[in-house]
1. Using r as the Cβ-Cβ distance of Lys97 and Gln166, and R0 as 30 Å, what FRET efficiency do you calculate, to the nearest 0.05?
2. Is there a pair in Lys143/Lys215; Lys51/Lys116; Lys29/Lys96 whose C-alpha atoms are over 30 Å apart, and which pairs would that be?
3. Counting only C-alpha contacts under 8 Å and six or more residues apart, can you give the relative contact order of region 1-133 as a whole percent?
4. Given contacts defined as C-alpha pairs under 8 Å and at least six residues apart, what's the relative contact order of the chain, whole-number percent?
5. State the antiparallel share, in %, of DSSP beta bridges confined to the chain, rounding to the nearest 5.
6. Let me test this: with uniform point scatterers at the alpha carbons of the chain, what is the Debye-based log₁₀ I(q)/I(0) at q = 0.10 1/Å?
7. Got the relative contact order for region 72-222 handy, in percent, Cα pairs under 8 Å and 6 or more residues apart?
8. Quick check: residue separation of Arg153 and Leu240 times 0.36 nm, minus the Cα distance between them. What number comes out in nm?
Amino acid sequence: MRGWTRGWFTDEYAERRKKCRFPEDLEFKTKPQLAVEMFRELENQESISFKYVVADSIYGSSPEFIEAIESCAGLTYFVSVPSDTLCWLRQPITRKKTYKYKGQERTRTVVDKTEKKPLPLKTIAHSINDYFWYRRTVSEGTKGPIDYEFTKRRVIISKAGLPWKQVWLVIKRTLGDNPEYSYYISNAPLSTKLKTFVWLSGVRWAIEQCFEESKTELGMDHYEVRKLPGWQHHVLTCILAHFFLWHLKIRLGKKSAGYYSVAA
């Protein structure tokens with residue numbers, strides 16, 4: 001049941017979908033599209049109260065996902081973006097340009113020729129003086145505190161060569177002579193302090209830990225099924241087991257050091 005791609009939803013795979021008991025109305029959707037649906041359903045249910053939405057670069061690169069979050073008043077997103085994302089450090093001047101297409105006169109918005117081209121985030125990161133980087137502790141690891149250096153800037157993200165939206169750009173880098181960089185954008189208010197972004201940069205680790213523990217300790221990725229309902233039941237059972245065991249660990253405290261082994 002692994003590796004469902006767009007090809008699975010073509011006529012060529014019709015018989016295989018039937019054997020795997022795919023619902024007839026099931027359609028191929030990208031991860032950002034699925035995330036938007038889940039987010040809107042969560043909003044409609046109003047069963048969980050939340051203020052922040054944190055996601056990796058697959059979602060940070062999706063205008064549809066970003067706009068879905070922004071459509072809800074009071075929500076703040078903090079999403080990873082690729083290092084080649086283009087942006088301006090200040091709002092570029094734009095103007096209307098008239099042109100003809102198939103004999104018809106049309107207009108389009110273009111960036112003025114006097115403006116500089118947008119820069120990739122990695123170029124901006126490497127040009128920032130060490131004075132503007134701040135060392136912060138993100139979390140406590142098994143070997144002590146985990147530290148990174150952070151900086152933030154207001155930037156205008158480029159979309160299709162035009163200014164799209166003004167956001168916070170937060171850059172995180174590892175310590176040492178050859179640091180590795182991570183990039184995030186956020187619609188947080190102008191008054192947002194760096195410590196909030198530092199905290200948000202580590203929030204996603206809980207999700208990664210959840211998947212890692214479910215796979216290695218509860219067998220979420222250990223299955224041999226041939227039908228979609230079987231796969232759904234297996235994954236849901238692992239998620240519920242992880243939820244139960246974590247609450248058990250919280251209640252028992254230090255006494256629950258080997259709770260996974262007990263559950264097995």
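Just so you know, all these numbers are worked out from the coordinates, no wet-lab data involved. In this text, all values refer to a predicted model and were calculated from it rather than measured experimentally. When we count neighbours, we look across all protein chains shown, and the Cβ atoms used for this are built from the backbone with ideal geometry, even at glycine.
1. Using R0 = 30 Å, I get an efficiency of 0.85.
2. The pairs that break the limit, which is 30 Å between Cα atoms, are Lys51/Lys116; Lys29/Lys96.
3. Once divided by the residue count of region 1-133, the mean separation gives 16 percent.
4. Answer for the chain is 16 percent.
5. Around 90 percent antiparallel, to the nearest 5.
6. Taking Cα atoms of the chain as identical point scatterers yields -0.74.
7. About 24 percent, as a whole number.
8. Result: 27.3 nm gained on full extension.
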